[in-house]
1. Fewest Cβ neighbours within 10 Å first, please rank Arg305, Arg145 accordingly.
2. Normalised by the residues of the chain, what does the relative contact order come to in percent, with Cα pairs under 8 Å and at least six apart?
3. Calculate for the chain the 222 nm mean residue ellipticity that helices alone would give, adding -39,500 (n - 2.57) per DSSP H run of length 4 or more and normalising by residue count, nearest 500 deg cm²/dmol.
4. Among Ala258, Ala273, Ser224, whose Cα projects farthest towards the positive end of the dipole of the range 221-273, with charges put on the beta-carbon of Lys, Arg (+1) and Asp, Glu (-1)?
5. Quick one: net charge of Ala194's neighbours, Cβ under 9 Å, K/R +1, D/E -1?
6. If the viscosity is 1.306 mPa s and the temperature 10 °C, what Stokes-Einstein diffusion coefficient in µm²/s follows for the range 264-347 when Rh is the Kirkwood radius over Cα pairs?
7. What's the longest bit of the chain with no exposed GluC sites (Glu not before Pro), using DSSP loop states and at most 12 other Cβ atoms within 10 Å as the test?
8. Using the crude model of +1 on Lys and Arg Cβ and -1 on Asp and Glu Cβ, and no other charge, please compute the dipole size for the range 44-87 relative to its Cα centre, in debye to 20.
Amino acid sequence: MSKPTKYRFSFGPWNISEGADPFGPEVRKAYPHEKKYALYKQLGFDGVQFHDDDVVPGIDGLTPEQISKQAAKVKKILSNQGLVPEFVAPRLWFAPQTVDGGFTSNSAKDRRYALDRTKKSIDIARAIGSKATVLWLAREGTYIRESKNARVAYQRLLETVNAMLAHDKEIEVWIEPKPNEPTDQAYVPTIGHAIALAHASSDPSRVKGLIETAHALLAGLDPSDEMAFALAHDKLASVHLNDQNGLKYDQDKNFGSANLRAAFNQVRVLEEAGYGSRGEFVGLDVKTMRTQKGKCVTDHLKNSREIFLHLVQKVRSWDRKLERQFIDARDYEALELAVMKHIMGVK
Ligand code: XLS
Ligand code: MG
């Protein structure tokens, strides 16, 4: 057995939120991003996930010089706090140009905006010391199927990935699949789609996947199997652990809070593959409940990390001999009871 992985954790500043939802306003006071960075270490986190405008607010109205000046400022804050920028993702779902999608918009002008913005966000990633960008393809999809040519859309996505790889010779593109929300039907709904794109690209070694638990569940898939698929192809660049209670809006619940056994299996698959041993982060993408009182609530982050670490202990103390015995005997009823008792902590 190789040395146990010492996990490193990351989250994005948007994970400390004000609690607005589509039906009502903020319920907690805003907390400035700059102040959030000072909280990471004490919560047990070393990595920061970014959207481009988390680093450079108002990015669309700024000159390249203003953008690099602001990026340098954030780089300094990170190094003062001893933090690592994990990735910078273009936020392509807020601008008026991305109402109908970015790379797959029917408007050539809007597609150009999406690519330019993405190149800016790659430059920001490099400027703050990260070699990764994430494509969560929020609005690349449709509400009615007839509004776009899906075949052309997938070709455009591939051209986009190639243009990103050509723009910067070192950048890695991590594709984060999600099957729906905000669109009815999103392109690249599963990790299989993402990895197919990676292999079709001009440099497959720099295109990987990022799996978010809730996104896999929304696709009706088992997150641990999705992770296993990516790991089998050495394509799992990062994970966004959280949880989801069935097929409803994207909930970003605390890791393990809806389905502890599924969480155990995600940790088991990651552990067995040595995930993290090459510096990959265990990312969390969790939101506190809207009902939670307080300013700057961070308990959900601390708690999800704690649940992950408890599950690591559960995986490491799982009786592999017993497992082998039940598997060899094809006694899966006994195997299931043993797993359940182990998770529940009863003998
Ligand atoms: C939203 C996504 C987002 C990405 C980065 O559901 O998970 O948070 O991780 O754009
Ligand atoms: Mg995510």
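Derivation of every value follows stated rules applied to the coordinates shown; laboratory data play no part. The shown structure was predicted, so the numbers you read here are calculated from the model rather than taken from an experiment. When we count neighbours, we look across all protein chains shown, and the Cβ atoms used for this are built from the backbone with ideal geometry, even at glycine.
1. Result, fewest neighbours first: Arg145, Arg305.
2. 17
3. Only helices count here, giving -13000 deg cm²/dmol.
4. Working it through, the farthest residue towards the positive pole turns out to be Ala258.
5. +1
6. 105
7. My reading of the result: 171-347 is the longest stretch.
8. Once rounded to the nearest 20, the dipole reads 280 debye.
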